[in-house]
């Protein structure tokens, strides 16, 4: 991972890539279901030739999808842990953040176990840094991360082969959706920003959005 | 059952009426889902639905028709609530949003059944047991949680990737509704890390009596 992606610029970059839902929606529409024939992400492991899916850099088939999800859950867990430590939130708000963080940690455990069950090697925990300036921007970042996380699971549902893995992914997906709705509510935004049908995000889009937070 | 703790008595009082006197398979499964949620809690609904759909073996058309029946229920519930729930202000705005979303789900699922070459089930009549805003909100919460659990249970039974993608798009919205309604009730919006619980073996044993 090149050191060029530094934490100082990360919030602006993140918001530029993943923050504008209209831009994201337009991008998704442009991408359609074609998940990544043009890879522009440089600091993620490169795709080797012949691979058809962005998640295969994390392993083949369901193992790759689970490891991709595990990587995102590691980031969410680290994010909430840092937010708790930051001291920016107190009382009821802090309780919500702690609860969400605990649930993300449970997702990490479940996904790690699932990868092992399939005979795979769980993805390592990425080293991450998040901009923690004030309560409002942190809440906005949390909402962006949760909405993106929910979209990431939705984007993989149809790619999963095993019904058991799909059941686990769906069980996590809707919890991410619940988290997203709560944070949107706190921000005074729509609980369903995509309308009656949630939009998926492909792995390339998601990885590009979280890349600024990964520091090593 | 007399010594059994009933999880959601309000679900047990919901009635599903079919004038044709011939309950569709979807209505039978919906009644079972409501009974399961009433007695064992909404987390049990997913495993019940999955098992019931597996046993009936009707394929994607039947699964989508079941989802359509569930959406008929939610759509009718919120449409009626606009007049009946005694809501105003923020809650009224939320009810309008949910009513609109559920109506769109009904339309999309009707179209999907047709696309699959099936016949969309007819809308049954429903009777909802509530008499004030508080009891409306309580029932709304159990309906939304039941919906999430039911979709998640049905998901792995779906064969078509397109249908699975559509069901996923809907269930995420149901989960968002569930969280919003739970906030209205000052309840934990995401009570469990998994929706439904992954511990299915125990659950399946509990719901066995409801699987026709």
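The values are calculated or read from the model by the stated rules, or taken from the named source; none is laboratory data. Every value quoted in this text rests on a predicted model; they were computed, and no experiment measured them. Counting neighbours? That spans all protein chains shown, and the Cβs are built from the backbone with ideal geometry, glycine included.
Brief remarks on what is shown
- The one condition in (1) modelled with pLDDT under 95; (2) in contact with a strand residue (DSSP E or B) (Cβ under 7 Å, 6 or more places away or on another chain) that residue A:92 fails to fulfil: (2)
- Which numbered condition residue B:38 misses (of (1) surrounded by fewer than 17 Cβ atoms within 10 Å (Cβ to Cβ); (2) at pLDDT 85 or above): (1)
- For segment B:108-131, the set of residues classified as part of a helix (DSSP H, G or I) and under 23 Å from residue B:14 (Cβ atoms) consists of B:109, B:110, listed by residue number.
- When segment B:54-67 is filtered for residues that are surrounded by fewer than 24 Cβ atoms within 10 Å (Cβ to Cβ) and either in contact (Cβ under 8 Å) with a residue 24 or more places away in the chain or under 13 Å from the mean Cα position of the chain (by Cα) (or both), the ones remaining, listed by number, are B:54, B:55, B:56, B:58, B:59, B:60, B:61, B:62.
- Residue match in segment B:135-142 (condition: within 14 Å of chain A (Cβ to nearest Cβ) and closer than 18 Å to residue B:11 by Cβ): yes
- In segment A:76-95, the residues that are surrounded by fewer than 21 Cβ atoms within 10 Å (Cβ to Cβ) and either within 25 Å of residue A:124 (Cα to Cα) or within 14 Å of chain B (Cβ to nearest Cβ) (or both): A:81, A:82, A:84, A:85, A:86, A:92, A:93, A:95
- If you go through segment B:114-127 and keep only what is surrounded by 13 or more Cβ atoms within 10 Å (Cβ to Cβ) and under 18 Å from the mean Cα position of the chain (by Cα), you end up with B:120, B:121, B:122, B:123, B:124, B:126.
- The listed residue being in contact (Cβ under 8 Å) with a residue 60 or more places away in the chain, closer than 24 Å to residue B:45 by Cα, part of a helix (DSSP H, G or I) and in contact with a helix residue (DSSP H, G or I) (Cβ under 6 Å, 6 or more places away or on another chain), out of B:137, B:98, B:73: B:98
- Lone unmet requirement of (1) more than 7 Å from every other protein chain (Cβ to nearest Cβ); (2) part of a helix (DSSP H, G or I); (3) closer than 16 Å to residue B:94 by Cβ for residue B:178: (1)
- Number of the exception - residue B:85 against (1) within 22 Å of residue B:132 (Cα to Cα); (2) surrounded by fewer than 21 Cβ atoms within 10 Å (Cβ to Cβ); (3) in contact (Cβ under 8 Å) with a residue 40 or more places away in the chain: (2)
- Spans of helices (runs of 4 or more DSSP H) in segment A:104-216 with at least 3 residues facing chain B (nearest Cβ under 8 Å) and free of Cβ contacts under 8 Å to residues at least 24 places away in the same chain: A:163-186
- Of all residues making up segment B:189-198, the number that are farther than 17 Å from residue B:151 by Cβ and within 7 Å of another protein chain (Cβ to nearest Cβ): 2
- In segment A:51-62, of all residues being in contact with a helix residue (DSSP H, G or I) (Cβ under 6 Å, 6 or more places away or on another chain) and assigned to a helix (DSSP H, G or I), the one that is surrounded by the most Cβ atoms within 10 Å (Cβ to Cβ) corresponds to A:55.
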